[in-house]
Each structure stands twice: as structure tokens, then as C-alpha cells.
Amino acid sequence: MKYDDASWHYEGNFPAEVPPENGATHIGMFLGWAIQRDLVGDLHRADEDTAFDLERIKNRHLRPRDFLLNWTDGKLSADDLNDEGNAFATSYYQERYLADWADLFPDNYRVDDSWENFDRVQAILDWRFDSWREGGEKTAVLAGQEQGSQEG
């Protein structure tokens, strides 16, 4: 499953004066948050180079958007997240994340890819994630995934 793709943004109704990589900023920040919270998939942990860059993000020596563009070709998919990360993304990403992003940054493609902005996004994602966990949504989604894998 693909949650988002930077090309969906910069190939669409995208401001001509904005660099195309800005279409990946919001995706990178979500993935960066997932990396910070150990919700990243085994795909990235298994490779020595990507694992090194995961640590660079955790230490804030590599911006998440750069990781996204370098290692996922600007796409956020199920392979990028672990089971819990996917359960949350399935519940939240397409339903609410882009709206939360627009509330934080009304001029959403002209957002500086900075750690200061990442901290603002991270605070909302932490709040949404905690609410999701407390609401029992995590259990329901994970149970559905397990049932689906047993049927296959």
C-alpha cells in the first residue's frame, strides 16, 4: 500500500516557483517521526546504509525529507513502516494528516524543511498517536491485520 508520493504533489496543482522537493516535505516529516518513534519497517533496518541514515535522523544530522528522497524515491508505503506504524498510518495518514498539516502550515508547499518545523509536526503526531492508542483503534486495526494474514 502506498500512503503518499511526492510526485502526486509536484506533478499536480503545484506552485511553479516552489522547488519540487517541497512536495516531499510533509511525507518526509511523517516518516521522520516514525523513525524517531521506532515505527520504521525492517526494510530500512536491514540495509547497512539505510540503518546508518536512520541513526543520522535520530541524531538530527539528516533531514527526514532527504532520507525519503534518497531511500524511498519520494514515496511512503507500507514497506517503510512496521506493523504498528502501518496500523496508525492506515487509520490516520490519509484521513487526517494532510488536514493537520494544512492547519499547521496553510501555505503547505512553502514550508521550510527545518527541525523547528519538524518539532511542530512531531508534537501533533505524538498527540494523534497517543489518542489513537488510547482509543483502542490500535487493537482493532492490528487484530484485523492478523485475521487477514491468517486467511491468506
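The values are calculated or read from the model by the stated rules, or taken from the named source; none is laboratory data. A quick note: this is a predicted structure, and the numbers were derived from the prediction, not measured. Don't worry about glycine lacking a Cβ; one is built from the backbone with ideal geometry, like all the others, and counts go over all protein chains shown. Areas reflect the complete protein model, heavy atoms only, side chains present, ligands, DNA and RNA absent. Shrake-Rupley method; radii C 1.70, N 1.55, O 1.52, S 1.80 Å.
Take ASP107 and tell me if it is closer than 24 Å to TRP8 by Cβ, among the acidic types (Asp, Glu) and in contact with a Leu (Cβ under 9 Å, 6 or more places away or on another chain).
In short, no.
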Residues satisfying the stated conditions in the stretch 101-111, i.e. under 21 Å from PRO20 (Cα atoms) and either surrounded by fewer than 17 Cβ atoms within 10 Å (Cβ to Cβ) or touching a Phe, Trp or Tyr at 6+ places or on another chain (Cβ under 8 Å) (or both) | ALA102, LEU104, PRO106, ASP107, ASN108, TYR109, ARG110, VAL111
Sole exception among (1) in contact with a Lys or Arg (Cβ under 7 Å, 6 or more places away or on another chain); (2) within 18 Å of TYR93 (Cβ to Cβ) for PRO64, by number | (1)
Got at least one residue in the stretch 10-25 being of a type in the set (Phe, Trp, Tyr), farther than 25 Å from GLU134 by Cα, open to solvent by 30 Å² or more (accessible area, probe 1.4 Å) and part of a helix (DSSP H, G or I)?
-> yes
Residue selected from the stretch 53-85 under the condition touching a residue at least 60 places away in the same chain (Cβ under 8 Å), open to solvent by 20 Å² or more (accessible area, probe 1.4 Å) and out of contact with any strand residue (DSSP E or B) (no Cβ under 6 Å at 6 or more places or on another chain), by the criterion nearest to PRO19 (Cα to Cα) = LEU69
Residue ID - nearest to ASN117 (Cα to Cα), chosen from residues in the stretch 1-38 that are touching a residue at least 40 places away in the same chain (Cβ under 8 Å), out of contact with any strand residue (DSSP E or B) (no Cβ under 7 Å at 6 or more places or on another chain) and of a type in the set (Val, Ile, Thr) | THR25
Considering residues of the stretch 81-98 that are modelled with pLDDT of 95 or more, among the aliphatic types (A, V, I, L, M) and part of a helix (DSSP H, G or I) only, the residue nearest to the chain's Cα centre (by Cα) = ALA89
